[in-house]
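Participant: Quick one: structure below, then a few questions.
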C-alpha cells in the first residue's frame, strides 16, 4: 500500500500535468498580446514554462529514490510528449502544428534539468 501511495504522489502530478497540456492544446487559442511580437513572446514563454514543469515533475518521479540521477529520461519523455502534442494540435480546429514549439518545449525541459542539476550539485557540495 505504501508503494502505491508513493507511486500516486510521484506520478499523479505528471499525469495531471500531461492532461493539462493536452487540454490546453485541444482548444483554439486567441491572441493574448496587443501586437504580434507580444503575442509570440507570451505564447512561447508559456511553452517553455509548461515543459519545464513537466520535465521537473518527471525528473522528480524517476529520481525520487535513486542515488545516481537519471537526467536523460525526463528530457526524452518531455520531447516525445512535445512532439505528440504538436501532432495532436494538427487535428484541432483553429490550431496548427509548428515544430518551433517543440524547440521551445525542449528549451523548457533543458532549463528544468539545468536548474535541477544546479540544485542537486549544490546539495552534494554542502
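The values are calculated or read from the model by the stated rules, or taken from the named source; none is laboratory data. Please read all numbers here as calculations on a predicted model, not as lab measurements. Here Cβ is always computed from backbone atoms with ideal geometry, including for glycine, and neighbour counts include all displayed protein chains.
Participant: Being within 14 Å of the chain's Cα centre (by Cα) and surrounded by fewer than 20 Cβ atoms within 10 Å (Cβ to Cβ): is that true of residue 57 here?
Facilitator: Details: within 14 Å of the chain's Cα centre (by Cα): yes; surrounded by fewer than 20 Cβ atoms within 10 Å (Cβ to Cβ): no.
No; evaluated as a whole, the condition is false for this residue.
Participant: Now for a different question. Which one of 48, 80 is on the phi < 0 side of the Ramachandran plot and surrounded by 15 or more Cβ atoms within 10 Å (Cβ to Cβ)?
Facilitator: 48
Participant: Restrict the check to region 85-98 and report whether at least one residue is closer than 29 Å to residue 117 by Cα, in a helix (DSSP H, G or I) and at pLDDT 95 or above.
Facilitator: So the first thing to find is which residues in region 85-98 are closer than 29 Å to residue 117 by Cα, and the list is 85-86.
Narrowing the set further to residues that are in a helix (DSSP H, G or I) leaves 85-86.
Narrowing further to those that are at pLDDT 95 or above: 85-86.
Yes, the conditions are met somewhere in region 85-98.
Participant: Return only the number of the condition from (1) part of a helix (DSSP H, G or I); (2) touching a helix residue (DSSP H, G or I) at 6+ places or on another chain (Cβ under 8 Å); (3) under 27 Å from residue 6 (Cβ atoms) that residue 80 does not satisfy.
Facilitator: (2)
Participant: Provide a single number: the residues in region 21-44 that are assigned to a helix (DSSP H, G or I), closer than 18 Å to residue 95 by Cβ and without any contact (Cβ under 8 Å) to a residue 24 or more places away in the chain.
Facilitator: The number of residues fulfilling the criteria is 6.
Participant: Also, I was wondering about something else. Just one of 56, 71, 17 is more than 16 Å from residue 101 (Cα to Cα) and in contact (Cβ under 8 Å) with a residue 60 or more places away in the chain; which is it?
Facilitator: The match here is 56.
Participant: Tell me, please, whether a residue that is at pLDDT 95 or above and within 13 Å of residue 85 (Cβ to Cβ) can be found in region 2-9.
Facilitator: no
Participant: Conditions first: (1) farther than 25 Å from residue 7 by Cα; (2) touching a helix residue (DSSP H, G or I) at 6+ places or on another chain (Cβ under 8 Å). Residue 109 passes all but one, so which condition is the exception?
Facilitator: The single condition residue 109 does not satisfy is (1).
Participant: Taking the residues in region 64-77 that are touching a helix residue (DSSP H, G or I) at 6+ places or on another chain (Cβ under 8 Å) and modelled with pLDDT of 90 or more as candidates, determine which candidate is surrounded by the most Cβ atoms within 10 Å (Cβ to Cβ).
Facilitator: Going through region 64-77, the residues touching a helix residue (DSSP H, G or I) at 6+ places or on another chain (Cβ under 8 Å) turn out to be 64, 69-71, 73-75, 77.
From what is left, the residues that are modelled with pLDDT of 90 or more are 70-71, 73-75, 77.
Numbers: 70: 13, 71: 17, 73: 13, 74: 25, 75: 18, 77: 19.
Out of the qualifying residues, it is 74.
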